[in-house]
Amino acid sequence: MTSTTTPIVCLFQGCDALVDGESQKCAFHRNRKKCSVDFCSNQVYARGFCIRHGGKLLCCYPQCSRNARKDGVCTQHSQLKPLCSVAGCSKLARRNQKCVGHGGGHPCIVPGCHTNARFRGHCWRHRHCLPKSAAKVAHAPMDMDRFTGFVDDLLQDIDIEAIEPGSYTPWTC
């Protein structure tokens with residue numbers, strides 16, 4: 001009588017590799033330990049536990065269950081990136097201590113448009129207002145000698161005039 005045995009796969013969750021010899025682990029996982037929580041088949045991250053069961057420290061901010069990244073806090077509660085100053089908002093501040101949703105983005109430079117700018121001072125709707133030469137120059141590589149010559153030519157052709165503060169308006173489409 002011949003019996004067919006099904007190949008045994010590695011005990012770690014998500015690993016379909018065949019076991020290595022008498023072990024319950026594949027060649028890749030042979031030196032790794034299993035989480036010490038019963039019926040958990042994840043590998044140990046630290047202190048005998050997988051990340052889910054406490055192998056990684058949690059954020060020390062009250063009622064936050066995210067993993068700590070640096071100095072005991074998660075990226076959401078890190079002091080390196082300030083939060084929006086609007087009461088009740090927990091998004092990251094961009095400009096003027098506000099998130100983009102509360103006015104912290106850069107507005108489009110087209111007069112009367114209050115949409116956030118995405119490319120070279122323009123929103124997506126007004127991106128076609130860019131001068132054609134500006135769009136091409138932005139993507140064309142230029143060596144340093146050519147660039148300095150270009151700047152020198154521009155500076156020779158410029159007449160500088162004093163402008164009253166607030167009187168400048170950008171071009172319109």
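If the condition is being of a type in the set (S, T, N, Q), under 30 Å from H77 (Cβ atoms), assigned to a loop (DSSP other than H, G, I, E, B) and in contact with a strand residue (DSSP E or B) (Cβ under 7 Å, 6 or more places away or on another chain), then the range 7-66 contributes S36, S65. Only one entry of G101, G105 meets the criterion of being modelled with pLDDT under 85, over 16 Å from the mean Cα position of the chain (by Cα) and either outside any loop (DSSP other than H, G, I, E, B) or among the aromatic types (F, W, Y) (or both), and that entry is G101.
Every residue, every condition in (1) among the charged types (D, E, K, R); (2) at positive phi, yes or no:
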site: V9; (1), (2): no, no
site: G14; (1), (2): no, yes
site: R32; (1), (2): yes, no
site: V44; (1), (2): no, no
site: C60; (1), (2): no, no
site: L83; (1), (2): no, no
site: V86; (1), (2): no, no
site: C108; (1), (2): no, no
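Out of all the residues in the range 68-80, is one or more among the basic types (K, R), at pLDDT below 85 and surrounded by 13 or more Cβ atoms within 10 Å (Cβ to Cβ)? Checked against the condition, which is being among the basic types (K, R), at pLDDT below 85 and surrounded by 13 or more Cβ atoms within 10 Å (Cβ to Cβ), the range 68-80 yields at least one hit. Is it fair to say A68 is in contact (Cβ under 8 Å) with a residue 12 or more places away in the chain and within 30 Å of the chain's Cα centre (by Cα)? Yes: the conditions hold for A68.
The values are calculated or read from the model by the stated rules, or taken from the named source; none is laboratory data. Values in this document were obtained by computation on a predicted structure and should not be read as measured data. Don't worry about glycine lacking a Cβ; one is built from the backbone with ideal geometry, like all the others, and counts go over all protein chains shown.
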